[in-house]
Amino acid sequence: MSLEDMMARPVVGINPFNELPIDAEIWRLAHAHHHTHRYLHALAAHRPGVVLGLEVIASEAKERTIIIAPGLAIDPEGRTIVVREPVALTVEPVSRMYIYITLAFLRTHDRASGVMVGDGQQYYKEVEGYDLTATKELPKTPCLELARIYCSTQDKTIRNAANSSAPGSDEINRLYCPTAFPHCYADIGVGELSYVPKTSASPWNPNRSGLWNLLREGNGEQFHLTFTGSINLMGQGSAAPNAEPALLYVAGRQSFQPLKDAEVDGLRQFLDGGGMLLGEAGQGSSEFAAGFEGLVGQLGAKLKPVTKGHSLLTAHHVFSAPPPGGQSSGTLSADADNGIVFSTYDYGAAWQGEVDKPDAPEARSRIRQAQEFGLNIIAAAAQRRRTHELSRLG
(Lines give C-alpha, C1' and ligand atoms only; values in the text may rest on other atoms or scores of the structure.)
Protein backbone atom coordinates (compact mmCIF):
# COMPACT_ATOMS: atom_id res chain seq x y z
CA MET A 1 0.00 0.00 0.00
CA SER A 2 1.39 3.40 -0.99
CA LEU A 3 1.64 6.33 1.40
CA GLU A 4 -1.13 8.09 -0.55
CA ASP A 5 -3.44 5.07 -0.19
CA MET A 6 -2.72 4.81 3.52
CA MET A 7 -3.36 8.55 4.03
CA ALA A 8 -6.75 8.14 2.33
CA ARG A 9 -7.89 5.60 4.89
CA PRO A 10 -9.35 6.72 8.25
CA VAL A 11 -7.36 5.91 11.36
CA VAL A 12 -9.72 4.08 13.73
CA GLY A 13 -9.05 3.48 17.41
CA ILE A 14 -10.98 2.42 20.51
CA ASN A 15 -12.61 4.66 23.12
CA PRO A 16 -12.39 2.51 26.28
CA PHE A 17 -14.88 2.48 29.14
CA ASN A 18 -15.49 0.03 31.98
CA GLU A 19 -18.57 -1.61 30.48
CA LEU A 20 -16.94 -2.19 27.09
CA PRO A 21 -16.85 -5.93 26.27
CA ILE A 22 -13.33 -6.90 25.18
CA ASP A 23 -13.54 -9.48 22.40
CA ALA A 24 -11.18 -10.37 19.58
CA GLU A 25 -12.51 -7.64 17.29
CA ILE A 26 -12.08 -4.89 19.92
CA TRP A 27 -8.59 -6.14 20.72
CA ARG A 28 -7.70 -6.20 17.02
CA LEU A 29 -8.95 -2.64 16.47
CA ALA A 30 -7.06 -1.32 19.46
CA HIS A 31 -3.74 -2.69 18.22
CA ALA A 32 -4.44 -1.82 14.59
CA HIS A 33 -4.67 1.84 15.66
CA HIS A 34 -1.03 1.76 16.83
CA HIS A 35 0.14 -0.27 13.84
CA THR A 36 -1.43 2.20 11.41
CA HIS A 37 0.40 5.11 13.01
CA ARG A 38 3.65 3.11 12.95
CA TYR A 39 3.26 2.32 9.25
CA LEU A 40 2.35 5.93 8.43
CA HIS A 41 5.44 7.18 10.23
CA ALA A 42 7.72 4.67 8.50
CA LEU A 43 6.39 5.51 5.02
CA ALA A 44 6.24 9.29 5.50
CA ALA A 45 9.41 9.89 7.50
CA HIS A 46 11.68 7.12 6.23
CA ARG A 47 10.28 5.76 2.93
CA PRO A 48 10.52 2.11 1.88
CA GLY A 49 14.04 0.74 1.49
CA VAL A 50 17.13 -0.53 3.26
CA VAL A 51 18.06 1.25 6.49
CA LEU A 52 21.14 -0.76 7.42
CA GLY A 53 23.05 -3.73 6.00
CA LEU A 54 21.37 -6.30 3.71
CA GLU A 55 24.31 -6.27 1.31
CA VAL A 56 24.31 -9.06 -1.28
CA ILE A 57 27.69 -10.76 -1.76
CA ALA A 58 28.85 -13.68 -3.90
CA SER A 59 30.01 -16.60 -1.77
CA GLU A 60 33.60 -17.76 -2.14
CA ALA A 61 32.83 -21.00 -0.35
CA LYS A 62 30.01 -22.31 -2.53
CA GLU A 63 29.39 -21.86 -6.25
CA ARG A 64 26.19 -20.09 -7.38
CA THR A 65 25.48 -19.06 -3.81
CA ILE A 66 24.93 -15.52 -2.63
CA ILE A 67 24.99 -14.22 0.93
CA ILE A 68 22.56 -11.61 2.24
CA ALA A 69 23.94 -9.71 5.22
CA PRO A 70 21.97 -9.04 8.40
CA GLY A 71 20.17 -5.72 8.35
CA LEU A 72 16.98 -3.75 8.66
CA ALA A 73 14.52 -2.44 6.06
CA ILE A 74 11.09 -0.86 5.67
CA ASP A 75 8.78 -2.54 3.19
CA PRO A 76 6.38 -0.74 0.78
CA GLU A 77 3.59 -0.93 3.39
CA GLY A 78 5.65 0.60 6.18
CA ARG A 79 6.40 -2.65 8.01
CA THR A 80 9.83 -3.10 9.56
CA ILE A 81 11.82 -6.16 8.45
CA VAL A 82 14.74 -7.37 10.54
CA VAL A 83 17.22 -9.97 9.25
CA ARG A 84 19.28 -11.03 12.26
CA GLU A 85 21.69 -13.53 10.70
CA PRO A 86 23.42 -13.91 7.30
CA VAL A 87 21.29 -15.85 4.82
CA ALA A 88 22.66 -18.02 2.01
CA LEU A 89 20.64 -18.40 -1.18
CA THR A 90 21.46 -20.73 -4.05
CA VAL A 91 20.72 -19.18 -7.43
CA GLU A 92 19.10 -21.55 -9.91
CA PRO A 93 21.15 -22.07 -13.10
CA VAL A 94 19.37 -20.20 -15.90
CA SER A 95 20.39 -18.74 -19.23
CA ARG A 96 19.81 -15.26 -20.64
CA MET A 97 17.43 -14.00 -17.99
CA TYR A 98 17.35 -12.05 -14.73
CA ILE A 99 17.19 -13.54 -11.26
CA TYR A 100 15.68 -11.19 -8.67
CA ILE A 101 16.67 -11.29 -5.00
CA THR A 102 13.74 -9.97 -2.98
CA LEU A 103 12.91 -9.44 0.68
CA ALA A 104 9.34 -9.49 1.98
CA PHE A 105 7.67 -9.11 5.36
CA LEU A 106 6.31 -12.38 6.73
CA ARG A 107 4.09 -12.90 9.75
CA THR A 108 3.76 -16.44 11.12
CA HIS A 109 2.23 -18.12 14.16
CA ASP A 110 4.34 -19.40 17.01
CA ARG A 111 3.49 -23.09 17.08
CA ALA A 112 4.39 -23.25 20.75
CA SER A 113 1.49 -20.93 21.60
CA GLY A 114 -1.31 -23.22 20.52
CA VAL A 115 -4.49 -23.62 22.58
CA MET A 116 -7.51 -25.80 21.88
CA VAL A 117 -10.61 -23.86 20.87
CA GLY A 118 -13.56 -26.13 20.26
CA ASP A 119 -12.41 -28.92 17.97
CA GLY A 120 -9.42 -27.00 16.60
CA GLN A 121 -6.24 -25.28 17.68
CA GLN A 122 -5.59 -21.52 17.71
CA TYR A 123 -2.27 -19.76 18.16
CA TYR A 124 -2.10 -16.61 20.26
CA LYS A 125 1.45 -15.52 19.37
CA GLU A 126 2.47 -13.98 16.05
CA VAL A 127 6.10 -13.74 14.96
CA GLU A 128 7.23 -11.01 12.56
CA GLY A 129 9.84 -12.37 10.18
CA TYR A 130 10.86 -12.23 6.53
CA ASP A 131 10.96 -14.15 3.29
CA LEU A 132 14.12 -14.01 1.15
CA THR A 133 13.76 -15.44 -2.34
CA ALA A 134 15.57 -15.72 -5.67
CA THR A 135 12.98 -15.71 -8.46
CA LYS A 136 12.76 -15.25 -12.22
CA GLU A 137 10.10 -12.55 -11.88
CA LEU A 138 9.51 -9.77 -9.37
CA PRO A 139 6.70 -10.77 -6.98
CA LYS A 140 3.35 -8.98 -7.29
CA THR A 141 3.04 -8.77 -3.50
CA PRO A 142 4.83 -6.01 -1.48
CA CYS A 143 8.58 -6.61 -1.34
CA LEU A 144 11.97 -4.92 -1.67
CA GLU A 145 14.39 -5.80 -4.45
CA LEU A 146 17.82 -6.27 -2.87
CA ALA A 147 19.61 -7.23 -6.08
CA ARG A 148 19.24 -8.70 -9.54
CA ILE A 149 21.60 -10.83 -11.61
CA TYR A 150 21.52 -11.20 -15.37
CA CYS A 151 22.65 -14.79 -15.97
CA SER A 152 24.26 -15.14 -19.41
CA THR A 153 24.62 -18.92 -19.35
CA GLN A 154 23.85 -21.68 -16.90
CA ASP A 155 27.49 -22.44 -16.12
CA LYS A 156 28.78 -18.92 -15.42
CA THR A 157 29.93 -18.12 -11.88
CA ILE A 158 28.11 -15.33 -10.05
CA ARG A 159 30.50 -12.51 -9.13
CA ASN A 160 30.51 -9.28 -7.16
CA ALA A 161 30.33 -6.31 -9.51
CA ALA A 162 33.72 -4.92 -10.51
CA ASN A 163 32.02 -1.55 -10.99
CA SER A 164 28.93 -1.21 -8.78
CA SER A 165 27.48 1.58 -10.95
CA ALA A 166 27.78 -0.50 -14.14
CA PRO A 167 27.38 -4.20 -13.24
CA GLY A 168 27.74 -6.64 -16.11
CA SER A 169 26.36 -10.06 -16.90
CA ASP A 170 26.61 -12.62 -14.06
CA GLU A 171 27.46 -9.82 -11.62
CA ILE A 172 25.37 -8.78 -8.62
CA ASN A 173 23.43 -5.65 -9.58
CA ARG A 174 22.36 -3.45 -6.64
CA LEU A 175 21.28 -0.41 -8.65
CA TYR A 176 17.57 -1.06 -8.07
CA CYS A 177 17.78 -1.59 -4.31
CA PRO A 178 15.89 1.30 -2.62
CA THR A 179 17.42 3.19 0.29
CA ALA A 180 15.39 4.39 3.27
CA PHE A 181 16.08 7.65 5.09
CA PRO A 182 18.14 8.10 7.16
CA HIS A 183 20.34 5.37 5.77
CA CYS A 184 23.40 4.10 7.64
CA TYR A 185 26.29 3.96 5.17
CA ALA A 186 28.72 2.22 7.52
CA ASP A 187 28.71 0.99 11.11
CA ILE A 188 32.33 0.32 12.06
CA GLY A 189 35.10 1.08 14.51
CA VAL A 190 38.16 3.12 13.53
CA GLY A 191 41.39 2.65 15.48
CA GLU A 192 45.02 3.72 15.45
CA LEU A 193 48.24 1.87 14.76
CA SER A 194 50.84 3.06 17.22
CA TYR A 195 54.61 3.06 16.74
CA VAL A 196 57.79 4.09 18.57
CA PRO A 197 59.62 7.14 17.12
CA LYS A 198 63.32 6.55 16.45
CA THR A 199 64.81 9.77 17.76
CA SER A 200 62.26 12.54 18.11
CA ALA A 201 60.09 13.16 21.13
CA SER A 202 57.25 14.27 18.84
CA PRO A 203 53.94 12.47 19.37
CA TRP A 204 53.29 9.29 17.39
CA ASN A 205 49.72 10.42 16.64
CA PRO A 206 49.99 14.03 15.36
CA ASN A 207 46.63 13.79 13.57
CA ARG A 208 44.60 12.37 16.47
CA SER A 209 42.41 15.49 16.64
CA GLY A 210 41.84 15.33 12.91
CA LEU A 211 40.80 11.67 13.06
CA TRP A 212 38.33 12.43 15.83
CA ASN A 213 36.93 15.35 13.82
CA LEU A 214 36.46 13.05 10.83
CA LEU A 215 34.53 10.52 12.92
CA ARG A 216 32.36 13.31 14.32
CA GLU A 217 31.71 14.53 10.77
CA GLY A 218 30.83 11.02 9.67
CA ASN A 219 28.38 10.53 12.52
CA GLY A 220 26.56 13.63 11.28
CA GLU A 221 26.51 12.26 7.72
CA GLN A 222 24.66 8.97 8.27
CA PHE A 223 27.70 6.93 9.32
CA HIS A 224 27.85 5.13 12.69
CA LEU A 225 31.51 5.38 13.67
CA THR A 226 33.27 4.49 16.90
CA PHE A 227 36.81 5.42 17.91
CA THR A 228 38.47 2.26 19.28
CA GLY A 229 41.92 3.63 20.16
CA SER A 230 45.17 1.85 19.43
CA ILE A 231 45.02 -1.87 18.68
CA ASN A 232 47.14 -4.53 20.34
CA LEU A 233 48.58 -6.27 17.29
CA MET A 234 50.07 -9.12 19.30
CA GLY A 235 46.63 -9.78 20.75
CA GLN A 236 45.02 -10.36 17.35
CA GLY A 237 42.58 -13.22 17.35
CA SER A 238 41.76 -12.99 21.05
CA ALA A 239 38.96 -10.45 20.68
CA ALA A 240 35.59 -11.00 19.07
CA PRO A 241 35.59 -9.90 15.39
CA ASN A 242 32.97 -7.20 15.99
CA ALA A 243 35.15 -5.69 18.74
CA GLU A 244 37.94 -4.96 16.28
CA PRO A 245 38.11 -1.83 14.13
CA ALA A 246 37.63 -2.17 10.39
CA LEU A 247 40.09 0.66 9.69
CA LEU A 248 43.46 1.40 11.30
CA TYR A 249 44.97 4.87 10.88
CA VAL A 250 48.62 5.75 11.35
CA ALA A 251 50.32 9.08 10.65
CA GLY A 252 53.76 10.45 11.42
CA ARG A 253 56.20 13.24 10.71
CA GLN A 254 59.32 11.28 11.65
CA SER A 255 61.04 7.93 11.32
CA PHE A 256 59.98 5.08 13.61
CA GLN A 257 61.27 1.82 15.01
CA PRO A 258 60.38 -1.20 12.83
CA LEU A 259 57.50 -3.26 14.19
CA LYS A 260 58.37 -6.52 15.90
CA ASP A 261 57.80 -9.72 13.93
CA ALA A 262 54.85 -10.59 16.18
CA GLU A 263 53.32 -7.16 15.51
CA VAL A 264 53.77 -7.54 11.76
CA ASP A 265 52.09 -10.96 11.99
CA GLY A 266 49.24 -9.41 13.97
CA LEU A 267 48.83 -6.65 11.40
CA ARG A 268 48.84 -9.22 8.59
CA GLN A 269 46.14 -11.16 10.43
CA PHE A 270 44.11 -7.97 10.80
CA LEU A 271 44.33 -7.28 7.06
CA ASP A 272 43.62 -10.89 6.13
CA GLY A 273 40.50 -10.61 8.29
CA GLY A 274 39.12 -7.85 6.10
CA GLY A 275 40.67 -4.85 7.86
CA MET A 276 42.16 -1.83 6.14
CA LEU A 277 45.26 0.21 6.99
CA LEU A 278 45.60 3.90 6.12
CA GLY A 279 49.08 5.40 6.52
CA GLU A 280 49.93 9.09 6.11
CA ALA A 281 53.27 10.85 5.90
CA GLY A 282 52.52 13.96 7.92
CA GLN A 283 53.71 17.13 6.18
CA GLY A 284 55.03 14.82 3.45
CA SER A 285 57.70 13.35 5.78
CA SER A 286 60.11 11.27 3.71
CA GLU A 287 61.40 9.55 6.88
CA PHE A 288 57.94 8.28 7.83
CA ALA A 289 57.24 7.33 4.19
CA ALA A 290 60.39 5.21 4.10
CA GLY A 291 59.42 3.41 7.29
CA PHE A 292 55.88 2.76 6.10
CA GLU A 293 57.10 1.47 2.73
CA GLY A 294 59.34 -0.95 4.61
CA LEU A 295 56.32 -2.17 6.58
CA VAL A 296 54.35 -2.61 3.34
CA GLY A 297 57.17 -4.77 2.03
CA GLN A 298 57.13 -6.93 5.17
CA LEU A 299 53.41 -7.49 4.62
CA GLY A 300 54.04 -8.66 1.05
CA ALA A 301 52.00 -5.83 -0.42
CA LYS A 302 52.67 -3.61 -3.42
CA LEU A 303 51.28 -0.10 -3.60
CA LYS A 304 50.07 1.34 -6.90
CA PRO A 305 48.98 4.91 -7.67
CA VAL A 306 45.27 5.64 -7.19
CA THR A 307 44.06 6.91 -10.56
CA LYS A 308 40.75 7.61 -12.31
CA GLY A 309 38.29 4.77 -11.89
CA HIS A 310 39.72 3.53 -8.57
CA SER A 311 37.06 2.49 -6.07
CA LEU A 312 38.43 4.88 -3.42
CA LEU A 313 37.39 7.80 -5.63
CA THR A 314 33.74 6.71 -5.71
CA ALA A 315 33.22 4.75 -2.47
CA HIS A 316 30.93 7.50 -1.11
CA HIS A 317 31.60 10.96 -2.55
CA VAL A 318 32.73 11.17 -6.18
CA PHE A 319 36.19 12.45 -7.14
CA SER A 320 37.90 12.61 -10.50
CA ALA A 321 41.33 12.34 -8.83
CA PRO A 322 42.72 12.24 -5.28
CA PRO A 323 42.06 15.65 -3.69
CA PRO A 324 44.72 17.67 -1.82
CA GLY A 325 44.82 17.53 1.96
CA GLY A 326 47.04 19.31 4.44
CA GLN A 327 49.60 19.33 1.63
CA SER A 328 48.58 20.90 -1.67
CA SER A 329 50.61 18.32 -3.58
CA GLY A 330 51.36 14.70 -2.84
CA THR A 331 50.69 11.10 -3.80
CA LEU A 332 48.06 8.50 -3.02
CA SER A 333 48.68 4.80 -3.55
CA ALA A 334 46.94 1.60 -2.54
CA ASP A 335 47.01 -2.17 -2.62
CA ALA A 336 43.32 -3.09 -2.84
CA ASP A 337 43.92 -6.83 -2.43
CA ASN A 338 45.82 -6.40 0.84
CA GLY A 339 43.77 -3.46 2.12
CA ILE A 340 46.55 -0.85 2.43
CA VAL A 341 46.34 2.84 1.51
CA PHE A 342 49.20 5.35 1.77
CA SER A 343 49.09 9.11 1.35
CA THR A 344 51.55 11.98 1.44
CA TYR A 345 48.70 14.51 1.09
CA ASP A 346 48.34 14.50 4.90
CA TYR A 347 44.54 14.39 4.95
CA GLY A 348 44.63 14.00 8.74
CA ALA A 349 46.15 17.48 9.06
CA ALA A 350 43.35 18.96 6.96
CA TRP A 351 40.80 17.16 9.14
CA GLN A 352 42.06 19.33 12.01
CA GLY A 353 42.25 22.53 9.98
CA GLU A 354 45.97 22.48 9.13
CA VAL A 355 46.87 23.20 5.50
CA ASP A 356 50.15 24.37 3.99
CA LYS A 357 48.53 27.51 2.54
CA PRO A 358 46.11 28.60 5.29
CA ASP A 359 45.47 32.07 3.84
CA ALA A 360 44.66 30.85 0.34
CA PRO A 361 41.04 31.27 -0.81
CA GLU A 362 40.73 27.54 -1.42
CA ALA A 363 41.87 26.53 2.11
CA ARG A 364 38.34 25.89 3.41
CA SER A 365 37.46 23.96 0.26
CA ARG A 366 40.51 21.75 0.73
CA ILE A 367 39.47 20.93 4.28
CA ARG A 368 35.99 19.97 3.08
CA GLN A 369 37.38 17.82 0.26
CA ALA A 370 39.73 16.08 2.69
CA GLN A 371 36.81 15.27 5.01
CA GLU A 372 34.74 13.94 2.13
CA PHE A 373 37.62 11.80 0.93
CA GLY A 374 38.16 10.53 4.48
CA LEU A 375 34.56 9.27 4.42
CA ASN A 376 35.34 7.52 1.13
CA ILE A 377 38.16 5.64 2.85
CA ILE A 378 35.87 4.73 5.76
CA ALA A 379 33.16 3.53 3.36
CA ALA A 380 35.72 1.44 1.47
CA ALA A 381 36.98 -0.08 4.73
CA ALA A 382 33.43 -0.95 5.80
CA GLN A 383 32.72 -2.59 2.45
CA ARG A 384 35.98 -4.56 2.56
CA ARG A 385 35.24 -5.91 6.05
CA ARG A 386 31.64 -6.74 5.16
CA THR A 387 32.61 -8.50 1.92
CA HIS A 388 35.26 -10.55 3.72
CA GLU A 389 32.88 -11.65 6.46
CA LEU A 390 30.07 -12.63 4.11
CA SER A 391 31.89 -14.11 1.13
CA ARG A 392 33.32 -16.93 3.21
CA LEU A 393 29.93 -18.14 4.28
CA GLY A 394 28.28 -20.95 2.38
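The values are calculated or read from the model by the stated rules, or taken from the named source; none is laboratory data. This is a predicted model, so every value here is computed, not measured. Backbone-built Cβ (ideal geometry, glycine too); neighbour counts: all protein chains shown.
Rundown of residues vs (1) out of contact with any Gly (no Cβ under 9 Å at 6 or more places or on another chain); (2) assigned by TED's automatic domain parsing to the domain that holds GLY129; (3) within 25 Å of ARG384 (Cβ to Cβ); (4) of a type in the set (Ser, Thr, Tyr), yes/no style:
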{"residue": "ILE14", "(1), (2), (3), (4)": "yes, no, no, no"}
{"residue": "HIS46", "(1), (2), (3), (4)": "no, no, no, no"}
{"residue": "ALA58", "(1), (2), (3), (4)": "yes, yes, yes, no"}
{"residue": "THR65", "(1), (2), (3), (4)": "no, yes, yes, yes"}
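Set side by side, the residues LEU390, LEU312, LEU375 differ, and just one is touching a strand residue (DSSP E or B) at 6+ places or on another chain (Cβ under 9 Å), at pLDDT 95 or above and in a helix (DSSP H, G or I), which is LEU312.
Yes/no per residue for (1) under 19 Å from ASP131 (Cβ atoms); (2) in contact (Cβ under 8 Å) with a residue 40 or more places away in the chain; (3) surrounded by 12 or more Cβ atoms within 10 Å (Cβ to Cβ):
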{"site": "ALA8", "(1), (2), (3)": "no, no, no"}
{"site": "ILE26", "(1), (2), (3)": "no, no, yes"}
{"site": "ALA30", "(1), (2), (3)": "no, no, yes"}
{"site": "VAL50", "(1), (2), (3)": "yes, yes, yes"}
{"site": "GLU60", "(1), (2), (3)": "no, yes, yes"}
{"site": "ILE67", "(1), (2), (3)": "yes, yes, yes"}
{"site": "ARG84", "(1), (2), (3)": "yes, no, no"}
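Only residues that are under 21 Å from ARG384 (Cβ atoms) and buried (at least 21 other Cβ atoms within 10 Å of the Cβ) were counted across segment 324-344, and they come to 7. Taken over segment 268-305, the criterion of being among the aliphatic types (A, V, I, L, M), over 19 Å from ILE378 (Cβ atoms) and outside any strand (DSSP E or B) is satisfied by ALA289, ALA290, LEU295, VAL296, LEU299, ALA301, LEU303.
Please verify whether LEU43 is farther than 16 Å from ALA134 by Cα, touching a strand residue (DSSP E or B) at 6+ places or on another chain (Cβ under 8 Å) and not aromatic (Phe, Trp, Tyr), treating the condition exactly as stated. So LEU43 fits the description; yes.
Is it true that some residue in segment 156-167 is assigned to a strand (DSSP E or B), at negative phi and exposed (fewer than 15 other Cβ atoms within 10 Å of the Cβ)? Spell out the reasoning first.
Our first condition is that a residue be assigned to a strand (DSSP E or B); within segment 156-167, this holds for 159.
Now narrow it down to the ones that are at negative phi: 159.
From what's left, exposed (fewer than 15 other Cβ atoms within 10 Å of the Cβ): 159.
Yes.
Could you list, in sequence order, all residues of segment 1-43 that are closer than 27 Å to ILE101 by Cβ and among the small types (Gly, Ala, Ser)?
Applying the first criterion (closer than 27 Å to ILE101 by Cβ) to segment 1-43 yields 1-3, 5-6, 38-39, 42-43.
Listed by number, the residues that qualify are SER2, ALA42.
Only one of the numbered conditions (1) in contact (Cβ under 8 Å) with a residue 24 or more places away in the chain; (2) under 18 Å from ALA281 (Cα atoms); (3) not in a loop (DSSP other than H, G, I, E, B) is violated by GLU354, and that is (3). When TYR39, TYR123 are checked against the criterion of being more than 30 Å from GLU145 (Cα to Cα), outside the structural domain of GLU221 (by TED's automatic domain parsing) and in contact with an Asp or Glu (Cβ under 7 Å, 6 or more places away or on another chain), a single residue qualifies: TYR123. Residues considered: SER285, SER329, SER391. Of these, the only one that is of a type in the set (S, T, N, Q) and under 23 Å from the mean Cα position of the chain (by Cα) is SER391.
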